[in-house]
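Here is the structure we will look at.
The values are calculated or read from the model by the stated rules, or taken from the named source; none is laboratory data. Fair warning: this is a prediction, and the values are worked out from it, not measured in the lab. Here the Cβ is made from the backbone with ideal geometry for all residues, glycine too, and neighbour counts use every protein chain on show.
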Amino acid sequence: MTLTGYVFHPEYLWHDTGTSAGLLPANPPAGIQPGVHVENPEAKRRTHELIHAWGLLGELAVIEPRRATEAELLRVHTLKHIQRIKAQSDLRSGGDAGDGFSPVGYGSYDIARLAAGGLIELVTAVAHGDITNGYALTRPPGHHATADQAIGFCLFNNVAVAARHAQTELGLARIAVVDFDAHHGNGTQSIFYTDPSVLTISLHQANCFPPDSGWTHENGDGDGTGYAVNVPLPPGTGHAGYLYAMNQVVLPALDRFAPDLVLLAAGFDANVFDPMARQMLTADTYRTMTGLLTDAADRLCNGRLVAAHEGGYNPWYVPYCVRAFLETLAGTTTGVTDPLAAVVAGYAVEPLSPQQQAVVDEAADLVRRIAMASTPAVR
Ligand SMILES: [Zn+2]
């Protein structure tokens, strides 16, 4: 019997990204009209409300987040980076995390700590066996943030902080991070680039964000050579391409590595309606990919799979993608009909293209660089 943990907190919606024009800071003198930042609370607010309204919440083990301590952040981030975020967060009018595109609202430092701490609590509950797996609907997101740099709306790398906590405090030595956000999980990759104890696998749209990042030749360095795997899928990749990547790259890599814990950077912005990428996934793709990942976690590490919400910017479709994901994670169904399924049905039958296959096959060749785990697969 699967018990799935769920982390959410209203403060996640209070991270104030200000009056931007989509990506750009508002700048009336330059003709950039003030509007809503693309990373605003709406998609996640609606997702949480619908999880509740659909009756899913009652089937989940609700776990209260706490704020990650500075010491916990320091396992991943530099003191200079932490202090910069705090200083920007102390400004009453808000600031920027460092790249000019990542607003820091007044008080966002504490909210970002609550996001990282939420994932720590979830990983802890999984390690203790209180729950089988879990999902944290956190904000701000984390997977672009490097040790010393906030990038792409991400302040602290929630998944990386949780991975180090699991290794340091919970006895889970080998961590696999799977990232199916539409954008490259560059921050997580860079933090663990020379570390063979953390395998990072990112499926993403090629050369989307960050620019010129996430190519297959980025394969780890030093002792970590082979333990960073990238699948830069062409724009327009849909259900068939992502499933081919799961079956040819992600699952064989997980089987070779035999992790103690699978962390999932669960971005939902590869959905077909998303404004921030050009992929073609449907809710059904998320359902199928999640099923493959939960099967792998069952096979390899007693089901220990912990997901952190990353991107996902279409406020009316992301909740349906999360529903498909969360139903599969929890092994349940709401019985709610997806009103958009008929609209996107045609996208889901898009065949695998030769370009997509070539990229996946190139990444699949790299999987054998991951040493076969010497420990038994099921522990
Ligand atoms: Zn993204």
Residue pairs meeting the criteria (Cβ under 8 Å; at least 6 apart or on separate chains; first of a type in the set (Gly, Ala, Ser), in region 196-207; second surrounded by fewer than 18 Cβ atoms within 10 Å (Cβ to Cβ) and assigned to a loop (DSSP other than H, G, I, E, B))
SER197/ALA173; ALA206/TRP215; ALA206/PRO234; ALA206/PRO235
Considering only region 133-152, how many residues are hydrophobic (A, V, I, L, M, F, W, C) and surrounded by fewer than 24 Cβ atoms within 10 Å (Cβ to Cβ)?
3
Within region 337-368, how many residues are over 21 Å from ASP274 (Cβ atoms), modelled with pLDDT of 90 or more and loosely packed, with under 15 Cβ neighbours inside 10 Å?
6
Number of positions in region 290-311 that are within 15 Å of the ligand (Cβ to nearest atom) and free of Cβ contacts under 8 Å to residues at least 12 places away in the same chain
0
Pull up region 153-191, narrow it to residues that are surrounded by fewer than 24 Cβ atoms within 10 Å (Cβ to Cβ) and of a type outside the set (D, E, K, R), then point me to the one that is farthest from ILE120 (Cα to Cα).
SER190
Can you tell me which of ARG287, ARG278 is within 16 Å of the ligand (Cβ to nearest atom) and basic (Lys, Arg)?
ARG278
Only one residue in GLY129, GLY107 is more than 22 Å from the chain's Cα centre (by Cα) and within 22 Å of ALA173 (Cα to Cα). Which one?
GLY129
Considering only residues that are of a type in the set (A, V, I, L, M, F, W, C), closer than 22 Å to LEU254 by Cβ and touching a strand residue (DSSP E or B) at 6+ places or on another chain (Cβ under 7 Å), which ones fall in region 272-295?
LEU281, LEU293
Does any residue of region 134-156 turn out to be part of a helix (DSSP H, G or I) and within 16 Å of the ligand (Cβ to nearest atom)?
no
